[in-house]
Amino acid sequence: MSKYAKINSENIVENVIICDDSQIFLFDGNYIKVTSDTRDANIGCEYNVSHNKFISAKPYPSWVLGEDFIWHAPNGDSPEDGDYEWNEELQQWNNLEPGVLKDQTHRWDVELQEWVPLS
């Protein structure tokens, strides 16, 4: 079984499916096989035909696409020691402490030691 991304005429991923390679021809549309070379594909990301890479949607207006086909903050990637959130208005990384809401959509779960969506 392999993962395939269906792209539209603008090379935007519309759907992602998993199927046997011998069965992909049964599906209508233009499907690109997702491999380690193409990088992972999600709905809404773009397929760069000339480089055979899937590129995620731009997370913030100030971010730039690197030669690695990954979006980067203008002042560098987040520090590795802790949990950080990008502040677009201040153009900086904000350190998030356990128990503080992240984008008002997540909370820190002490038992799991990770951010979990608010229910």
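When the range 7-24 is examined, which residues are found to be part of a strand (DSSP E or B) and under 21 Å from Asn48 (Cβ atoms)?
Taking the range 7-24 first, the residues part of a strand (DSSP E or B) are 7, 12-19.
Of everything in the range 7-24, those that are part of a strand (DSSP E or B) and under 21 Å from Asn48 (Cβ atoms) turn out to be Ile7, Ile12, Val13, Glu14, Asn15, Val16, Ile17.
Quick check on the range 5-28. Is at least one of its residues surrounded by 15 or more Cβ atoms within 10 Å (Cβ to Cβ) and hydroxyl-bearing (Ser, Thr, Tyr)?
There is no residue in the range 5-28 that is surrounded by 15 or more Cβ atoms within 10 Å (Cβ to Cβ) and hydroxyl-bearing (Ser, Thr, Tyr).
Under 6 Å between Cβ atoms, at least 6 apart or on separate chains: pull out the pairs that start in the range 8-22 with a residue that is in contact (Cβ under 8 Å) with a residue 12 or more places away in the chain and end on any residue that is polar (S, T, N, Q).
If the second residue must be polar (S, T, N, Q), the pairs left are Glu14/Asn8; Asp21/Ser2.
Name every residue in the range 85-117 that is among the polar types (S, T, N, Q) and at pLDDT below 75, in order of residue number. Quick ask: steps written out before the conclusion?
Looking only at the range 85-117, we keep the residues that are among the polar types (S, T, N, Q), and these are 87, 91-92, 94-95, 104-105, 113.
Across the range 85-117, the qualifying residues are Gln104, Thr105, Gln113.
I'm checking my understanding of the structure. Among residues of the range 57-70 that are farther than 14 Å from Glu88 by Cα and out of contact with any Asp or Glu (no Cβ under 8 Å at 6 or more places or on another chain), which one is surrounded by the fewest Cβ atoms within 10 Å (Cβ to Cβ)?
In the first step, residues of the range 57-70 are kept if they are farther than 14 Å from Glu88 by Cα; the result is 57, 65-70.
Narrowing the set further to residues that are out of contact with any Asp or Glu (no Cβ under 8 Å at 6 or more places or on another chain) leaves 65-70.
Details: Leu65: 13, Gly66: 10, Glu67: 5, Asp68: 9, Phe69: 15, Ile70: 13.
Across the range 57-70, the extreme among qualifying residues is Glu67.
The values are calculated or read from the model by the stated rules, or taken from the named source; none is laboratory data. None of the values given here were measured: they were computed from a predicted structure. Positions of Cβ are backbone-derived with ideal geometry, glycine not excepted, and every protein chain shown enters the neighbour counts.
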